[in-house]
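Below is one structure; the comments refer to it alone.
The values are calculated or read from the model by the stated rules, or taken from the named source; none is laboratory data. As the structure is a computational prediction, the values presented were derived from the model and not from experiment. Heads up, the Cβs are rebuilt from the backbone with ideal geometry, glycines too, and the neighbour counts pull from every protein chain shown. The accessibility values were calculated without ligands, DNA or RNA, using every heavy atom of the protein model including side chains. Shrake-Rupley method; radii C 1.70, N 1.55, O 1.52, S 1.80 Å.
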Amino acid sequence: MKDILINDYSLISDLENCYFEFNNGTKQNMHIDAAYLEIATNVLDLVIADFNPGEITNINNEFINNKSNLMLHYFDNVLKGYFNGAELSNPATQLAINIKKNLSSINKLHLIIISTNKMSKFVKTTELPDHKIGNLCLKVDLDVIGIENVYNTKLPTFKKEPIEIITKDFNCEGIQCIKADIGTEEYQAYLAIVPGRFLCDIYKKFGPRLLESNVRSFLNNRGAVNKGIRGTILNEREKFFTYNNGISTVAKSIETEYKANKGLYITKFTDFQIINGGQTTASLASADIKDKAPLDNIFVQMKLTILNEEDAELTHNISKYANSQNKVTAADLNSNHPFYIRIEDFSRKIYAPMINNQTYQTLWFFERARGQYDQPKMSKTKAERATYEKINPKSQKFTKTDLAKYLNASYMKPFDVSWGAEVNLTKFQVELEKQWDKDKNIYNEMFYKELIAKAILFKTIEKEISLQEWYIQNKAYRAQLVPYTFAKLVYEAQKNNNCELNYKTIWDKQSVPEYLIQEVDKISKLAFDVFYDENRQYSNIGEYCKRKDCWEALKDKPYTLSNDTIESLVTKEEKKQENIIAKKEQKLSSSIMIEIQIFNLKTSYWRNLLEKGIEQKILNDKDIDLLNCAIKYCDGLMSISSAQGEYIWKVREKLSENGVII
């Protein structure tokens, strides 16, 4: 559900389980299954998940109104004090506290119904009136996701519904612009002056759908409102244009109108996205909502790229390079790193050991790009699909965000995992970039097998926590309990002469030994007690889990591993020897792959790089010599050593970093 709402339809930036239901036949009736307070977009998201185990029925107006009212009643009851003095361990209580604390920042209630039923053809609109309670009046948006919408996301032809913005709908006659003559047919470019009010209003209307996904992650991670931008809005509005760096955007198409004596104006945008400038946009909306600041005389410079063809890679690169020139680093944004390509390669060729008298081996399927797992099934027969799912069981599929959870938990960073999938992935990638540049050979087959072992352990911890009586009574914060339990287990192993968990045993058995499961049961209760400690530094448990203070508190809890666990641990020296062998094997494998890639790119490619590198004065004498070696190698005139191959590849990366299109 979360993946569909965040990635497929871009309706929200994140989501937290927050089940609460109360029914006594009055207006106090309320029900929510999940929620998220998006300070970055000034929106409170409330979600009801409607699961129908029987035959599919129609979603009608009565059903929509009923579910919408249950969510609105929850919000009303929060403001009426229903949760005052309620059990703090309940996520619905924590959310209520957060809502009241940030009430002045909330501009809109976003209600979402996701159902296994289908939308009735008699439902003509899902628009809801503004919601009033006391002196407060909030806009209400409603999205209904039926089973047909869910199914469509699995189709290879699925595309998000594009955003269409007609400037007149926002009391704007048009956006004044000039078209840049850039001498290419690949895209069109415009420079424009955007009124701050217009930018604020479209942001309030479309929220996270307006932001490129990596920009959403950045806002969640770093915070939406920049104090400097806010100060300029409040105190020096007329200088905003001069002080601010502006925004970078893309669109599929636009409509323009020429106005006599005024120039060219954009009157409509299709598939409009902000790929750099999220903080500027969010700060304008926040100043309007929270500070009631006038936005007249505020203008923002905008660079607009019109993509003549749908090109995800070009959009990604625009985002990457636009943001690499300010505090948002390329590591924040680059989700197409060679590391993931290597993990994908391992996941297609390294079979898990056979277990439980199986007569076949299975793969752990790494879904580097969305839809990779499901799309191959579309063209297969029923028998072929069964074979595919047998070799690639869905329970063994994992994504980039899953991978980041498993690894950051094992790296004893449960506070990062507690930020949620997308933010944790961003934090993980920052460190990944550094380590990859330092020594990419540590990411070898042994690393991959240990990664899968960590996935098995992570999933086992999830399962075990769900069975604990103390958890069943609350059913809250499992997403935080799991990484904290994992990290504490790793920490206690390290306390024993700097030893490590024996991930090889988990890989070989494809399961967690009983002695470790017993440790998990005990440690998870320790984590639970830390979360609910009345003397904790933050009253909001969800926020507390994001702080290193919470991790320090759990580390300080005394704990002793069992003798069976201690005997199973791997010493530092044993691990060092295994790593040396694995790194040597990976270095050899990488060297061979580089030689193959150099040859496959062909002579014309390397000659083109050489010419551009010389023309742009990027290459030194050694670079030029090695590129000439690549050309001769592709022509069959010489062979190259592994060291030469690695250097040639580094020259290629050097050219890419300097903006040479490769």
Notebook entry, point to check: Which of the residues that make up the range 613-626 are open to solvent by less than 70 Å² (accessible area, probe 1.4 Å) and either assigned to a helix (DSSP H, G or I) or under 18 Å from residue 599 (Cβ atoms) (or both)?
Noted result: 613, 623, 624, 626
Next item on the list: Might you check whether a residue that is farther than 24 Å from residue 7 by Cα, buried (at least 20 other Cβ atoms within 10 Å of the Cβ) and of a type in the set (Val, Ile, Thr) occurs anywhere in the range 434-455?
Entry: yes
Item checked: Matching residues in the range 505-528 - criterion: being within 22 Å of residue 419 (Cα to Cα) and open to solvent by 60 Å² or more (accessible area, probe 1.4 Å) -> 525
Notebook entry, point to check: When both residues are 6+ apart or on different chains and their Cβ atoms are under 8 Å apart, which pairs have a first residue that lies in the range 364-385 and is modelled with pLDDT of 85 or more and open to solvent by less than 80 Å² (accessible area, probe 1.4 Å), and a second that is among the β-branched types (Val, Ile, Thr) and part of a strand (DSSP E or B)?
Noted result: 366/399; 367/399
Item checked: strands (runs of 3 or more DSSP E) contained entirely in the range 134-214, each with at least 2 residues that are open to solvent by 30 Å² or more (accessible area, probe 1.4 Å) and over 17 Å from residue 265 (Cα atoms) -> 136-145
Check: Can you tell me which of 173, 164, 185 is farther than 17 Å from residue 286 by Cα, in contact with a helix residue (DSSP H, G or I) (Cβ under 8 Å, 6 or more places away or on another chain) and either at pLDDT below 95 or hydroxyl-bearing (Ser, Thr, Tyr) (or both)?
Finding: 173
Note to self: So, in the range 494-524, how many residues would count as being part of a helix (DSSP H, G or I) and more than 29 Å from the chain's Cα centre (by Cα)?
What the structure shows: 14
Margin query: Go through (1) open to solvent by 60 Å² or more (accessible area, probe 1.4 Å); (2) modelled with pLDDT under 90; (3) within 31 Å of the chain's Cα centre (by Cα) for residue 273 and report which single condition fails.
Written below: (1)
Next item on the list: Tell me, yes or no, whether the range 66-89 has at least one residue that is in a loop (DSSP other than H, G, I, E, B), closer than 22 Å to residue 151 by Cα and open to solvent by 20 Å² or more (accessible area, probe 1.4 Å).
Entry: no
Margin query: What pairs come out if I take residues in the range 543-569 that are closer than 14 Å to residue 518 by Cβ and pair them with residues that are open to solvent by 50 Å² or more (accessible area, probe 1.4 Å) and not basic (Lys, Arg) whose C-beta lies under 6 Å away, six or more apart or interchain?
Written below: 562/515; 564/515; 565/515
Next item on the list: Kindly provide the set of residues from the range 502-526 that are more than 25 Å from residue 550 (Cβ to Cβ) and polar (S, T, N, Q), ordered by number.
Entry: 502, 505, 510, 511
Next item on the list: From (1) in contact with a Ser or Thr (Cβ under 6 Å, 6 or more places away or on another chain); (2) without any contact (Cβ under 8 Å) to a residue 60 or more places away in the chain, pick out the condition that doesn't hold for residue 502.
Entry: (2)
Next item on the list: Could you grab me the full set of residues in the range 627-662 that are polar (S, T, N, Q) and either in a helix (DSSP H, G or I) or within 14 Å of residue 613 (Cα to Cα) (or both)?
Entry: 628, 642, 644, 656, 658
Item checked: Output for the range 66-122, where each listed residue is without any contact (Cβ under 8 Å) to a residue 60 or more places away in the chain and touching a Cys at 6+ places or on another chain (Cβ under 6 Å) -> none
Notebook entry, point to check: From the list 339, 415, which one is within 30 Å of residue 275 (Cα to Cα), at pLDDT 90 or above, in contact with a Cys (Cβ under 9 Å, 6 or more places away or on another chain) and part of a helix (DSSP H, G or I)?
Noted result: 415
Note to self: I'd like the full set of residues that are closer than 19 Å to residue 484 by Cβ and assigned to a helix (DSSP H, G or I), limited to the range 400-412.
What the structure shows: 401, 402, 403, 404, 405, 406, 407, 408, 409, 410
Check: List the pairs whose first member sits in the range 162-176 and is in contact (Cβ under 8 Å) with a residue 24 or more places away in the chain, whose second member is assigned to a loop (DSSP other than H, G, I, E, B) and open to solvent by 100 Å² or more (accessible area, probe 1.4 Å), and whose Cβ atoms are under 8 Å apart, counting only residues at least 6 apart or on separate chains?
Finding: 162/252; 167/173; 176/262
Next item on the list: Just give me the residues in the range 140-161 being modelled with pLDDT under 90 and of a type in the set (D, E, K, R), in sequence order.
Entry: 148, 154, 159, 160, 161
Checklist line | Filtered residues of the range 16-56 (kept if without any contact (Cβ under 8 Å) to a residue 40 or more places away in the chain and open to solvent by less than 20 Å² (accessible area, probe 1.4 Å)) | finding: 34
Next item on the list: State the number of residues belonging to the range 548-577 that are out of contact with any Leu (no Cβ under 9 Å at 6 or more places or on another chain), crowded, with 16+ Cβ neighbours inside 10 Å and within 15 Å of residue 504 (Cα to Cα).
Entry: 1
Notebook entry, point to check: Limited to the range 289-299, what total is found for residues that are surrounded by 21 or more Cβ atoms within 10 Å (Cβ to Cβ) and touching a Leu at 6+ places or on another chain (Cβ under 6 Å)?
Noted result: 0
Checklist line | Pair list, Cβ under 6 Å, 6 or more apart: the range 123-139 residue modelled with pLDDT under 90, other residue not charged (D, E, K, R) | finding: 123/61; 126/142; 126/144
